[in-house]
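Colleague: Have a look at this one.
Readers should treat all values here as calculations from the given coordinates under stated rules, not as data from a laboratory. This is a predicted model, so every value here is computed, not measured. Positions of Cβ are backbone-derived with ideal geometry, glycine not excepted, and every protein chain shown enters the neighbour counts.
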């Protein structure tokens with residue numbers, strides 16, 4: 001089986017080399033770019049399985065590059081992990097709003113980074129690919145319509161672009177409307193039991209999901225002391 005190719009878009013050469021070394025050691029192929037424009041060029045010429053995208057880049061920043069990637073249909077489900085030196089929630093939410101699947105803050109453990117990359121690729125590979133999944137019935141709740149097999153979401157017939165994680169959370173809640181799921185249950189379902197993420201990260205993802213869904217997002221209720229549910 002061919003190795004997965006990871007694109008690193010990072011202008012700090014020391015970090016670029018450190019991340020490359022650890023990814024290669026873990027069995028990945030690596031492509032590197034020092035700015036967003038070169039990164040977009042590599043996406044169009046090489047088969048990339050996951051992007052590690054620094055936010056602070058010369059020229060167009062990582063947020064803008066992430067947004068541009070998501071406007072290209074063939075990259076709509078490409079895993080993107082944002083690398084940030086900041087821990088402010090507003091910046092994390094901004095990255096998720098622009099289509100990032102995950103984020104990791106500097107300084108980070110190489111082992112954690114590798115785990116995040118593997119999990120992101122694994123989630124993409126688990127996306128609908130079988131006949132059974134393709135034929136899965138549409139989920140319709142009020143103005144919300146979810147097509148699991150096609151990985152599409154509509155609100156009042158308007159298509160909404162969600163990240164893989166946001167789609168997984170919404171689908172999980174929609175399959176059992178009215179049912180309260182704990183944050184840990186959501187983590188285990190959308191990330192896998194071995195994924196290194198905190199319940200606070202789920203809160204950030206749900207915040208972003210609500211925002212993208214607009215009025216329909218108000219149907220995702222916070223269940224105090226437990227987690228979340230979708231009103232039926």
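Colleague: Roughly how many nanometres apart are two label points built 7 Å out from the Cα toward the Cβ at residue 157 and residue 185?
Modeller: 3.5 nm
Colleague: Provide Rg and Dmax in Å for region 5-125, with only Cα atoms included in the calculation.
Modeller: Cα-based Rg and Dmax for region 5-125 come out at 12.8, 34 Å.
Colleague: Given only helices, namely DSSP H runs of n ≥ 4 each adding -39500 (n - 2.57), what is the per-residue ellipticity at 222 nm of the chain, to the nearest 500 deg cm²/dmol? Provide the component values of the computation, followed by the final result.
Modeller: Working: 9 runs with 96 residues, N = 232.
Dividing the helical sum by the residues of the chain leaves -12500 deg cm²/dmol.
Colleague: Could you calculate the contour length gain from residue 226 to residue 56, that is, 0.36 nm times the residue separation minus the distance between their Cα atoms, to one decimal place in nm?
Modeller: Extra length from residue 226 to residue 56 when fully extended: 57.6 nm.
Colleague: Another one. Mind giving me the FRET efficiency for residue 12 and residue 105? R0 is 22 Å, r the Cβ-Cβ distance, nearest 0.05 is fine.
Modeller: In this case the efficiency is close to 0.95.
Colleague: Let me know the Rg and Dmax you get for the chain when you use only its Cα atoms, in Å.
Modeller: 17.6, 51
Colleague: Something else now. Exposure proxy check: 171, 222, 45 ranked by fewest other beta carbons within 10 Å?
Modeller: 45, 222, 171
Colleague: Compute the length gained on full extension between residue 67 and residue 29: take 0.36 nm times their separation in residues and subtract their Cα-Cα distance, giving the result in nm to one decimal.
Modeller: Computed gain between residue 67 and residue 29 is 11.2 nm.
Colleague: Give me the angle, in degrees from 0 to 90, between the Cα long axis of helix 13-25 and the longest principal axis of the Cα atoms of the chain, rounded to the nearest 10.
Modeller: Here the helix axis deviates by roughly 70 degrees.
Colleague: Report the calculated FRET efficiency for residue 215 and residue 46 (r = Cβ-Cβ distance, R0 = 45 Å), to the nearest 0.05.
Modeller: Efficiency computed from Cβ-Cβ geometry: 0.65.
Colleague: Given R₀ = 35 Å, FRET efficiency for residue 176-residue 121 by Cβ-Cβ distance, to 0.05?
Modeller: Using R0 = 35 Å, I get an efficiency of 0.80.
Colleague: Under the rule a/c < 1.5 gives rounded, and otherwise a/b versus b/c splits prolate from oblate, where does region 8-54 land using the Cα gyration tensor?
Modeller: It is oblate, given that a/c is not under 1.5 and a/b is not larger than b/c.
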